Amino acid sequence: MCPACFAAAAWIAAGAGSAGGVTAFVVTRIRSRKGAKAEQPRPSTPEKKAD
């Protein structure tokens, strides 16, 4: 691979990684502003059996 092609490929990879990091940061900020809480398991209730 020529040096120019290698540099272009590295630039594209760095841009994609950076965009992914920015997207993850924005999503976490939006979720924290909405007050999203971790989902807690609901207590299970015993099912009634038909006699």
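Read-outs throughout are calculated quantities, based only on the coordinates presented, and are distinct from any laboratory measurement. Being a predicted model, the structure only gives us computed values, none of them experimental. In this analysis, Cβ positions are derived from the backbone assuming ideal geometry, glycine residues included, and neighbour counts consider all displayed protein chains.
Modelling each spin label as a point 7 Å along the Cα-to-Cβ direction, I'd like the VAL26/MET1 distance in nm, to one decimal.
If labels sit at VAL26 and MET1, their model points lie 2.8 nm apart.
Show me, for segment 4-9, the HN-Hα J-couplings you get by feeding each phi into the Karplus relation (A = 6.51, B = -1.76, C = 1.60, θ = phi - 60°), rounded to Hz, glycine and proline as x.
Couplings: 5, 5, 5, 5, 5, 5 Hz.
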